[in-house]
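Structure record follows, encoded as structure tokens.
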Amino acid sequence: MRVSGIVFVSIILFSSAVARSQTNVYDVIVAGRTIGSLKVFDNKETGGEAETHRIESNFKILFYKGNYSTQTSYVRGKLVSAECAHHVNGDLKEKTQTKSASKSLYEVFFSGEDGKDKPKIELFSPIISTITSLYYKEPVNINEVYSERYGKMCSVKKLSEGKYGVSLPDGKQGIYSYKNGLCKEVNTDLAGFKLRIVLIEGKNKIN
């Protein structure tokens, strides 16, 4: 599998059920083989107005080792900042930062090997939900979420009870499945392979 394929694996992981006081752990599976894990950390709240979502993943496939992290911060239900970073074999492949701005509501900056030549993006509409938030809350009555990696909005479509399709800017689609408001599994296609991110019930740490 090429490095570009590995990049996509890490992206879809983050490509967020009422926030729960626990760290949820997921297996990352490609072609029936577990290649890593994904952790969804506790939702951090401050005074009922601010909250932070954070996800981290590590994976190994063929000769590649990688990790991906993303963190989003909200105040009064609106996004104020987001950052995601992807490393392969210790090198920064891509980093995207979304920051509050004065003239526009947000500015998006790209860096790293794959992002250094991408121009800055300005966004003019408030953001209330992101790809990361799909692991924290079922997207009930939500039509779009923000991609922390692409700096663009992604459409959300309810497919059936507890199941939603999210269309990414690169044409790929992630299927998010929920039970009692908790994200149980994410499915997508990767170069002819089925990629699954599956909640490990026994490894969830309740705080």
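Overview of results
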{"item": "Residue order for Thr98, Thr52 - accessible surface, 1.4 angstrom probe, largest first", "result": "Thr52, Thr98"}
{"item": "All aspartates and glutamates inside 13 Å of Lys103 as judged from Cα atoms, apart from same-chain residues fewer than 8 positions distant", "result": "Glu122"}
{"item": "Loop GluC sites (Glu not before Pro), region 61-128, which have at most 16 other Cβ atoms in a 10 Å radius of their Cβ (DSSP)", "result": "Glu113"}
{"item": "Around Glu138: net Lys/Arg minus Asp/Glu count, Cβ-Cβ under 11 Å", "result": "+4"}
{"item": "Pairs beyond 31 Å (Cα-Cα), from Lys116/Lys158; Lys78/Lys116; Lys120/Lys172; Lys120/Lys163; Lys118/Lys179", "result": "Lys116/Lys158; Lys120/Lys163; Lys118/Lys179"}
{"item": "Average accessible area per residue (Å²) across region 53-207 - probe 1.4 Å, nucleic acids and ligands excluded", "result": "53"}
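The values are calculated or read from the model by the stated rules, or taken from the named source; none is laboratory data. Just so it is clear, the structure is predicted and the values come from calculations on it, not from any experiment. Cβ atoms come from the backbone with ideal geometry, glycine included; neighbour counts cover every protein chain shown. Only protein heavy atoms, including side chains, enter the accessible area calculation; ligands, DNA and RNA are left aside. Shrake-Rupley method; radii C 1.70, N 1.55, O 1.52, S 1.80 Å.
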